[in-house]
Amino acid sequence: MKKIAVTLFGTLLAATTHAQELPKTQLQIVGGLSNLTAFTDYEKPFWTETIPERSNNQITAQIKGFNEMGLKGPELLRLMSQGVVPFGTATLSYFASDNPINEAIDLAGLAPDRDTARNVTKAFEPVYAKHYAATGNIKLLGISTYPAQVLFCNAPVDSLADLKGKKVRTSSRTQAEFIEAVGGSSVTMAFGEVVPALQNKVVDCAITGSLSGYSAKWYEVSTHLFALPINWNEQIHAVNQKTWDALDPKVQTFLQDNIAEMVDQIWDAAAEQTQQGYDCNTGAEACPNPVKGKMKLVQPSEADMKQLTDIRQSVIDKWAARCSAQCVSDFNDTVGKLLNVTANK
């Protein structure tokens, strides 16, 4: 017992000593959307509590969500490239129109569960690291995700086939192509407009995170929740390359190790929050919140998963048509080999 205590004391002493070796460093962070749990439960406490504590207050940081800075989101990569934003969190779907490579890991239908989404991300992450370094003077530090993007419907939808002829609110091109491939019609509208649109039958269904939909009370205007992740809405954590190069190498190592841990925590939370969204929208006992919806939870059938395979290929090929030859080749060499799919240019 005494030996264990001595060992633990030695480990703590070594960690403290290592933290004291770090030079005093102050960081400025522009995080994700400040009203979402990825920011409130993970990003903000990570930068304002975890990093100072683990560095013995040698490294401190200030963070605000990009919306708190008056930013819309799509300009973040450019601002990071210019060094106006030193450290930033940016949602990949915001940049799909700039370069389709930003859609590569989150194509609709590509990853119908969290583990597949994580593996796809890990496989393609080196490609993104090289791409952002070469085109934007940006160093990639990690990629995290929001909970699964799923279908809320105000009409009976018990299978993918039931989406035929339905009007569905989508928030990205790849989601729109997914809905069109199954025979539905894609409708673009702001998140805040969805509740009245569902209520007034302007749309039949809408896609968002299972927990985001609960927070926005979509369960009040929807009857069916289809528990098939269409995609995940992933985000990069990155830093301007010159800002990074100016940091002490010990600070760089310290940040990379700890950011990797934060990213793991957000991925774990995404699975938990996806399930919590299912539970709370449908009134399951497992929901920890006092207010619960009464939606019907629809689990995908074997026929749905078979149809998903065909839809996925259609989405991949449409994406490949607009991405560069190198982009498609990189996809096939990484994600393609992992999932046994081929993007046809």
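Tell me the residue from I207, I143, I138 that is farther than 13 Å from N281 by Cβ and in contact with a Lys or Arg (Cβ under 8 Å, 6 or more places away or on another chain), please.
Answer to the selection: I207.
Looking at segment 33-81 only, could you name the residues that are under 21 Å from N240 (Cβ atoms), assigned to a helix (DSSP H, G or I) and free of Cβ contacts under 8 Å to residues at least 60 places away in the same chain?
Listed by number, the residues that qualify are F39, K44, W47, T48, F66, N67, E68, M69, L76, R78, L79.
Could you say which residue among V120, V168, V150, V157 is of a type in the set (A, V, I, L, M, F, W, C) and free of Cβ contacts under 8 Å to residues at least 40 places away in the same chain?
Being of a type in the set (A, V, I, L, M, F, W, C) and free of Cβ contacts under 8 Å to residues at least 40 places away in the same chain holds for just one of V120, V168, V150, V157, which is V168.
Select from segment 187-245 the residues that are among the aromatic types (F, W, Y) and crowded, with 22+ Cβ neighbours inside 10 Å and write down the one among them that is nearest to G83 (Cα to Cα).
By that ranking, first place goes to W232.
Please verify whether L297 is at pLDDT 95 or above and within 22 Å of the chain's Cα centre (by Cα), treating the condition exactly as stated.
When the stated conditions are applied, L297 does not pass them.
So, of the residues in segment 304-345 that are among the small types (G, A, S) and under 22 Å from the mean Cα position of the chain (by Cα), which turns out to be nearest to S172 (Cα to Cα)?
Ranking the qualifying residues of segment 304-345, first place goes to A320.
Mind listing just one residue for me: the one in segment 39-75 that is aliphatic (A, V, I, L, M) and touching a Phe, Trp or Tyr at 6+ places or on another chain (Cβ under 6 Å) and, of those, surrounded by the most Cβ atoms within 10 Å (Cβ to Cβ)?
Per the criteria, the residue is I63.
Looking for whichever is outside any loop (DSSP other than H, G, I, E, B) and either touching a helix residue (DSSP H, G or I) at 6+ places or on another chain (Cβ under 7 Å) or aromatic (F, W, Y) (or both) here; the options are A197, A260, A238. Which one fits?
A238
Within segment 50-66, track down each residue that is farther than 22 Å from A90 by Cβ and either among the basic types (K, R) or touching a Gly at 6+ places or on another chain (Cβ under 7 Å) (or both).
Answer for segment 50-66, where residues must be farther than 22 Å from A90 by Cβ and either among the basic types (K, R) or touching a Gly at 6+ places or on another chain (Cβ under 7 Å) (or both): just R54.
The values are calculated or read from the model by the stated rules, or taken from the named source; none is laboratory data. A quick note: this is a predicted structure, and the numbers were derived from the prediction, not measured. Every residue, glycine as well, gets a Cβ built from its backbone with ideal geometry; the counts of neighbours run over all protein chains shown.
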